[in-house]
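For reference, the structure is listed below as structure tokens.
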Ligand SMILES: [Zn+2]
């Protein structure tokens with residue numbers, strides 16, 4: 001048991017790993033909410049504690065879990081103690097974790113969460129939804145981040161907020177990428193700036209909408225559905241486009257990096273805008289686009305991202321390419337072959353990527369990882385998706 005404090009609410013709450021588990025009186029989906037994977041991001045913790053208190057078994061179908069992330073860091077209101085808990089979920093790290101004798105603070109947390117995850121996977125056979133709550137150090141509209149699989153895209157488009165694709169290509173080992181690789185619907189919701197009240201309210205509205213969209217709760221039973229929908233719609237300035245990350249400014253270990261004050265996520269910037277200072281040198285924007293998640297806290301090494309909206313026609317084309325498995329045709333091109341067809345992994349000679357832009361592979365649903373100097377591996381998110389689990393759901397057929 002730990003105690004964590006919310007600056008926004010001026011309140012403290014006692015916390016255990018499992019914040020809540022509610023089993024409904026009828027069969028239904030499984031929803032798994034995470035909050036506080038970063039210990040200074042408490043909005044989701046409070047929203048879950050508050051919202052889930054109001055439910056009784058008879059209101060719900062299926063099972064709801066609410067899981068607290070980095071307990072030790074939450075008790076100290078820090079992002080992490082020794083290691084970022086949201087950058088540790090690679091298969092290699094998980095393989096060594098289990099046999100390690102001495103675990104650091106975050107490895108202990110990770111092991112507990114990992115076991116809980118295995119347990120949930122083994123217990124429930126129907127559709128499972130994973131939702132991870134975060135907040136940002138800068139001011140921001142609320143938004144969803146996903147790995148770009150069609151099941152994620154379709155599900156996240158139900159919510160009246162912008163959706164950002166492709167962050168995982170720039171980050172190593174976020175929890176949701178690991179879960180996504182297992183084939184489940186998984187999305188991150190960034191509800192606002194760390195300590196503002198709206199970040200808590202947005203999370204709460206997101207919880208209610210999730211329950212209705214997954215059919216864990218009937219819309220008629222939730223009297224203020226429209227109020228929650230409008231809360232998110234208003235907070236996101238009625239922007240519900242899909243964006244793609246095109247650049248990340250990575251801060252080097254010894255670099256003295258400082259964002260210029262006042263930038264807000266989704267703010268439109270132009271080429272040449274002074275964004276930050278690095279070792280007293282100006283950092284200028286190379287893009288006419290939108291700035292995303294500028295860093296205004298000490299811990300963390302992602303300086304800022306640049307995002308661009310994806311034209312709807314591209315979204316449509318990529319849906320068709322994926323539906324009909326047209327990536328099978330890519331291997332007829334020189335320099336491209338299957339590294340592992342069942343797992344949907346292509347091996348691509350880097351010379352090929354010089355004339356075939358990364359964006360083309362994105363259309364087919366691949367994300368890339370550099371293997372060595374001459375090759376990259378491309379992972380297809382569609383081939384591992386558990387379509388069959390979700391294809392009978394109301395939102396999937398839309
Ligand atoms: Zn976070």
Review point. When the chain is modelled as a GNM with alpha-carbon springs shorter than 10 Å, which of 342, 198, 224 fluctuates the most?
Key: 342
Study note, to complete from the structure: Highest GNM mean-square fluctuation among 107, 92, 14, for the chain with Cα springs under 10 Å, belongs to 92
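Can you sort 185, 384, 331 by how many other beta carbons sit within 10 Å, fewest first?
On the way: 185 27, 384 17, 331 13.
Placing the least packed residue first, the sequence is 331, 384, 185.
Taking only C-alpha pairs under 8 Å that are 6+ residues apart, what is the relative contact order of the range 313-388 in percent? Write down the numbers at each step before the final one.
Values: 99 pairs, mean separation 23.2, N = 76.
Rounded, it is 31 percent for the range 313-388.
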Exercise for review: Compare 64, 98, 269 in a GNM of the chain, Cα atoms joined below 10 Å, and give the one with the largest fluctuation.
Suggested key: 98
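Taking square-rooted eigenvalues a ≥ b ≥ c of the alpha carbon gyration tensor, is the range 243-309 rounded, prolate or oblate, where a/c under 1.5 means rounded and, failing that, a/b exceeding b/c means prolate?
Note, shape of the range 243-309 comes out prolate.
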Study note, to complete from the structure: Percent of all alpha-carbon pairs of the range 252-398 at distances over 25 Å, whole number, is 51
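Over the range 243-309, what is the mean sequence separation of C-alpha contacts under 8 Å (at least six apart), divided by residue count, expressed as relative contact order in percent?
Working: 139 pairs, mean separation 28.1, N = 67.
RCO, the range 243-309: 42 percent.
Which of 49, 42 comes first, and how do the rest follow, when ranked by fewest Cβ neighbours within 10 Å? Intermediate results must be reported in sequence, preceding the final value.
Working: 49 19, 42 29.
Lowest to highest Cβ neighbour count: 49, 42.
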**Study point:** For 76, 115, order by how many other beta-carbon atoms lie within 10 Å, fewest first
**Key:** 115, 76
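For the chain, what's the relative contact order in percent, using C-alpha pairs closer than 8 Å and at least 6 residues apart?
15
Convex hull over the Cα atoms of the range 30-127, averaged projected area in nm²? If you can, show how the numbers build up before the last one.
Working: hull surface 28.8 nm².
Projected over every direction and averaged, the Cα hull of the range 30-127 covers 7.2 nm².
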Revision key, fill the gap. The chain: Kirkwood hydrodynamic radius (Cα pairs, Å) comes out at 21.9
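Which semi-axis lengths, in whole Å and largest first, follow from the square roots of five times the eigenvalues of the Cα gyration tensor of the range 313-388? Display every interim value, and only then the final one.
Working: eigenvalues 79, 41, 22 Å².
Here the semi-axes work out to 20, 14, 11 Å.
In deg cm²/dmol, rounded to 500, what helix-only [θ] at 222 nm does the chain give when every DSSP H run of at least 4 residues adds -39500 (n - 2.57) and the total is split over its residues?
Numbers: 14 runs with 123 residues, N = 398.
-8500 deg cm²/dmol, from helical runs alone.
Values in this text are rule-based calculations from the coordinates and carry no lab data. Bear in mind the structure is a predicted one, so any value in this text is a computation, not a measurement. A quick note on method: Cβ atoms are made from the backbone with ideal geometry, for glycine too, and the neighbour counts reach across all protein chains shown.
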